[in-house]
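Engineer: Take a look at this one; I'll ask things after.
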Amino acid sequence: MIENEIMSRTYRDPIHQEITLNSADRVEDLLIRLIDTREMQRLRWIRQLGTGWLTYHGAEGSRFQHSLGTMHVARKMFEQLSDSLLDLSPETLERYKALVLVSALLHDVGHGPFSHSCEEVLEIRHEDFTQRIILDSSTAINKILRSFDSSLPDEVSSVLNKTHPVKFLSNIVSSQIDADRFDYLLRDSHFTGTNYGNFDLARVISSITLNKEHDCLAVFNGKGRLAVHIVTGK
């Protein structure tokens with residue numbers, strides 16, 4: 001690619017249709033560069049459902065697909081909250097966007113072969129490897145994050161660990177109503193040919209709001225609460 005050339009990239013996804021990123025946006029350019037790292041690309045060969053394909057022959061989806069889907073849903077959720085974030089400076093808004101989307105994209109980057117099945121055998125948590133990949137200065141992911149901002153690896157780590165001072169950022173990535181759960185329920189249902197995880201994603205996202213008093217996500221709309229109940233059972 002010619003230096004400074006604007007690049008648009010679209011991933012055709014079986015769940016979300018088109019996931020588009022444009023390098024003209026600083027955060028989306030960061031995401032493109034992270035996606036192209038060896039650490040992210042290796043997820044193409046790790047099945048989302050581990051050994052589930054032995055029972056459900058269609059369960060061939062990868063952690064790479066799920067990671068992109070989670071990032072896409074997180075972006076939709078962040079956009080839904082935009083009216084609640086109007087008091088933020090453009091710099092802070094961009095930083096929050098970067099933290100949410102990068103954390104969503106990288107949340108499973110530490111997964112090994114056979115996904116969770118591997119963890120039970122080796123007694124190694126993928127979350128620990130994810131942290132190592134993000135924080136180790138020798139990884140491509142860490143170098144790219146630091147090129148965006150020197151403190152970004154530590155902040156992404158804190159979002160994933162739920163220790164970041166702005167709590168709703170972690171809520172988008174990991175909570176009862178998070179982008180990770182929203183994507184894997186729909187994706188796993190699709191690839192296994194079952195209906196247990198199907199729900200109205202657009203309805204749920206349109207019903208999410210930011211509770212500023214408690215710095216967390218909330219669902220106030222009645223129909224939205226019904227849709228969320230289907231997802232969380234609560």
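Engineer: If I model a spin label as a point 7 Å beyond the Cα along the Cα-Cβ vector, how far apart are those points for LEU86 and ASP36 in nm?
Structural biologist: About 3.8 nm, to one decimal.
Engineer: Subtracting the Cα-Cα distance from 0.36 nm times the residue separation, let me have the gained length for ARG132 to LEU93 in nm, one decimal.
Structural biologist: 11.4 nm
FYI, it's all coordinate maths here, none of it is from the lab. Not measured: the values here are computed from a predicted model. Cβ sites come from the backbone with ideal geometry, for glycine too, and all protein chains shown count toward neighbours.
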